[in-house]
Amino acid sequence: MSLAGRELILGVTGSIAAYKAVYLLRELTRLGASVTVCLSEHAREFVGALTFRTLSGRPVLTNLFDPQSEDAVEHVALAERADAIVVAPATANLLAKAAHGIADDFLTTLLLAARRPLVIAPAMDGGMWEHPAVVANVATLRGRGVAVLEPDAGALASGLSGKGRFPEPDAIVEAIRRALTPVRDLAGERLLVTAGPTREPIDPVRYISNRSSGKMGYGLAGAALRRGAAVTLVSGPTALTPPPGAVFVPVQTAEEMREAVLQHLADATLVIKAAAVADYRARQAAPVKLKGKRDLTLDLTPNPDILAEVAARRTGAFIVGFAAETHDVVAHARQKLESKGIDLLVVNDVSQRGIGFDAEENEVLLLDRWSGQKALPRMAKADVADAILSHVLALRASAAVKKVARER
Ligand code: CTP
């Protein structure tokens, strides 16, 4: 797809990779886009505005507060005119400001005014990408539907090596294309998704739970909404904000989750159980706080298997479960898929570091009931969510084809 006729804003911030934005600009204009470049004050320390002005053929925007400038443009009007906004390279500082709505220069004010798709290509040195503050800001932005690319790994400007290199221009162009042509392939679908852990009370202050953050389930809800589905999100307690547009049903215990799921099951066309339901609950939670330092034996009873119950109801919905395995992954997962009677199982190997529980990335195996198996490469949970949804659509289509062939 060419970018002919597309109006883009290219924001450049103060990273050593700012010079690479020049190559990106050349590629965008070569593909036919009209690009207005907006430089942060620090970006100008790295590359002069004249370079961008010459290559874009347009004034370069830098200053919000200089109405005398011949280049003065009203940021709201500019944001309205653009088809998409790209910030490349984006520093950790820009990610923080964008995540928190701070608007203290032209570029960040424009980001706050914009209602257009936003693509962010980060570049930063020395482990900053892994800092919890940056990780949280990226998660916030992705949760809002912003396409934040993963930086590349390799040698960094400081001489260190790690993740933080400016992504390749091809990857950025591809992300812009995707942002400009939102896929609506889930229009008409009704997704019921569960997320997060459940909490099973032991007494009024203590509970049994697990390390699920809810990121995978919330990522699925957000991706499905963007692709046109109506989404009901049944969630155990998490620190996440539900994606705007989802019907949000907060629950605490497995029994509450079961009730909520069964209540919303009837009209769902797709059910995805990403929640990590606690397997057991206290048979009788103590009515008052347990006291003392002596040995204590908890009397636990298994929780209902919501996924198996949903599958047994055979409502016609396509049913997806999740499994966390540490060993003999495929054998255990296949057995789980069959015993629960579901269509697709998304399998996490939780023995691997940096993926699965509470991580930003995931690397999963997809096993389906038609004996198919597909390994997805390690990627951000938002991308895993999209890949799972695409796989479901493909499986459903090919199952329908097989059914028609059998009936002939
Ligand atoms: N699930 C459920 N109700 C439960 C337990 C699990 O709906 N009481 C769902 C989860 O949402 C997930 C899948 O079943 O989609 C996970 O299955 P489970 O058998 O709990 O997997 P593990 O916890 O990995 O099981 P095991 O401890 O047997 O390995």
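In summary, the convex hull built on the alpha carbon positions of the chain has an orientation-averaged projected area of 24.9 nm². Summing Lys and Arg as +1 and Asp and Glu as -1 over all other residues whose Cβ lies under 12 Å from the Cβ of Gly217 gives a net charge of +3.
The length gained on full extension between Asn210 and Ala96, counted as 0.36 nm times the residue separation minus their Cα-Cα distance, comes to 38.1 nm. Pairwise inverse Cα distances across segment 237-337, averaged and inverted, put the Kirkwood hydrodynamic radius at 16.4 Å. Shape class for segment 190-407, computed from the alpha carbon gyration tensor (a ≥ b ≥ c): prolate, with a/c not under 1.5 and a/b above b/c.
Computed from the coordinates by the stated procedures, all read-outs in this text should not be read as laboratory data. Everything quoted here is computed from the prediction, not taken from an experiment. Cβ sites come from the backbone with ideal geometry, for glycine too, and all protein chains shown count toward neighbours.
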